[in-house]
Structures are given as C-alpha cells and as structure tokens.
Amino acid sequence: MTAQANVSSHGRGAPGRARFRGWCPQTERRQSPAAQPHSVHTVSELSWWFSPHPDWEPTEDWDEEVPVVRYETDDEVVLIDPFPPPDGGFDPHGKPVRVLLTQPAHYRGTADFVERFGASVWVPPRAEWRRRPNPATTHELPPGVEAIELDGEPQQVVFFIREHATLVTGDVLSGTGGRLHVFVNEADPGRLLPSLDALGDLRIERVIIPHGDLILSDAAALIRAAVAEARRG
C-alpha cells in the first residue's frame, strides 16, 4: 500500500487532561465488527506508554520521553518502536511478542525484547541499515496492522491500525501546539508530500508521533493541513 503526505499534531493528552505516564489510561478495547454472536472473534487493545530516550540532551528541541505503542490481540502483543516501560513492568501475558519499526533510527530497545521475550522483528522493506545489520526476522505483518510505504522516503513507513483509526509514524511527522509538521530530511519532497496527503483519505482519528504532542482527534484533517503548510514552504 503506497501513500503520500505532510503533517501537524495535538498534545500528549486531551485538552485539560493530565499528561500520561506509564501505561496509557486511554486503553481501547474493541471487538471486530465482523464478529457474529457465538463465533470466534478477535478483541484488541491499543495503549501506549512514555519512556525516556537515552540519547536525549537538554539542548534537544523534543521531549525526553517518547511514546511506545502496544497493540494486543487474543493471539499476540505488537510493539512499535519500543523502549521498555520506565517501571520495567512489561507483561505479554504469555503471548508471542512482535516488534515493528517505523525506521532504522528507531531500533531503540528492540534487542531487549528479542533477548527477553524472543520477539520477532519487522522493518521497512526498502530501508538502508547503516549503523547495524538489518535485524529483520520476518516479512509478515501481524493481522490488524498495515504498513504504508511513503513515496520519496524509503527509510520509513507509517503504521495504520484500522480498527482503532490510529496512525503511528516515525520522524516524518512531528508536532507542537496542536499541529503537525512534516520533516523532510533526506526525502524527496515532490514525492513525499503527495504521499502524505493521501493519508488524509483514511479514517484516521489519532496520530502517535515520536516527538512532540500526540494528535488524539481530527488527525486526518491535521495531516492534510501539515502537507499544505509544507508545500507553502
């Protein structure tokens, strides 16, 4: 699946609410709408926590704590760009653990989850690994998670968790003051921006970005606004 885009963001919590630490209290538990009474169906939970980034310094223009997304079904636990929780209290409930990376730079605490829980690792298929060997152990994505490749940005993908209307991104998007911003870096903006803009066609309610305020509502519109801002220069 290919898309094109540009972005802006909302805060770590809803307006007027406390900043969340540890396991996010806004955990969602949803049953597949296709499930029929008395049939076998999937129930999933989406949550996130914030962990301190070990490379953070006071001179950085982003917060020390970064989000880690947990998507759990009856069958497995999926972690996106993981660091261990600050309290070390990660429990997969005996289920297989699967690590998904938005980009090589977000390898983060992957090795810890591989060593402790035997986690499988999925990485962007077109990414170039410059600092370490490619850690991928699988090319299969878990059910319920879609990886969207971005034109003009082979190093990154974004993940769409459709049943929770949630997009999880790498550094291609950041946010401050309730707005999203596109970070082009080494990407080709002429191809990247249309790809990001196409994300606005999806039913996206929230965007979880690695640095800055999370967007918890109206995310599709804010993505398109970020693209428009980037095009204006």
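Structure notes:
- Inter-residue pairs, beta-carbon under 8 Å, first within 19 Å of ASP87 (Cα to Cα) and in region 50-61, second of a type in the set (Gly, Ala, Ser), 6+ apart: PHE50/GLY22; SER51/GLY109
Quick grid of which residues meet (1) touching a Lys or Arg at 6+ places or on another chain (Cβ under 6 Å); (2) of a type in the set (Asp, Glu); (3) buried (at least 24 other Cβ atoms within 10 Å of the Cβ):
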{"site": "GLY144", "(1), (2), (3)": "no, no, no"}
{"site": "GLU149", "(1), (2), (3)": "no, yes, no"}
{"site": "GLY152", "(1), (2), (3)": "yes, no, no"}
{"site": "VAL157", "(1), (2), (3)": "no, no, yes"}
{"site": "GLU163", "(1), (2), (3)": "yes, yes, no"}
{"site": "THR176", "(1), (2), (3)": "no, no, no"}
{"site": "LEU180", "(1), (2), (3)": "no, no, yes"}
{"site": "PHE183", "(1), (2), (3)": "no, no, no"}
{"site": "LEU199", "(1), (2), (3)": "no, no, yes"}
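- Some residue of region 185-207 being in a loop (DSSP other than H, G, I, E, B), modelled with pLDDT of 95 or more and under 20 Å from ARG98 (Cα atoms): no
- Flag for GLU140 being more than 14 Å from the chain's Cα centre (by Cα), among the acidic types (Asp, Glu) and part of a loop (DSSP other than H, G, I, E, B): yes
- Region 69-121 - residue that is aromatic (Phe, Trp, Tyr) and part of a helix (DSSP H, G or I) and, of those, farthest from GLU153 (Cα to Cα): PHE117
- From the list ASP218, ASP213, the lone residue that is touching a Ser or Thr at 6+ places or on another chain (Cβ under 9 Å), among the acidic types (Asp, Glu) and under 28 Å from SER44 (Cβ atoms) is ASP213.
- Remark: pairs (first residue in region 93-105, in contact (Cβ under 8 Å) with a residue 12 or more places away in the chain and under 17 Å from LEU173 (Cα atoms); second residue aromatic (Phe, Trp, Tyr) and in a loop (DSSP other than H, G, I, E, B); Cβ separation under 7 Å; 6+ apart in sequence or on different chains) = LEU101/TYR107; PRO104/TRP129.
- Selection of region 71-108 for residues being over 15 Å from the mean Cα position of the chain (by Cα) and over 24 Å from GLU163 (Cα atoms) yields PRO84, PRO85, PRO86, ASP87, GLY88, GLY89.
- Some residue of region 122-140 being in contact with a His (Cβ under 9 Å, 6 or more places away or on another chain), among the aromatic types (Phe, Trp, Tyr) and free of Cβ contacts under 8 Å to residues at least 40 places away in the same chain: yes
- Any hit, region 22-40, residues being farther than 21 Å from HIS181 by Cβ, among the aromatic types (Phe, Trp, Tyr) and at pLDDT 80 or above: no
The values are calculated or read from the model by the stated rules, or taken from the named source; none is laboratory data. Because the structure is a prediction, the values reported are computed rather than measured. All Cβ positions, glycine included, derive from the backbone under ideal geometry; neighbour counts span all protein chains shown.
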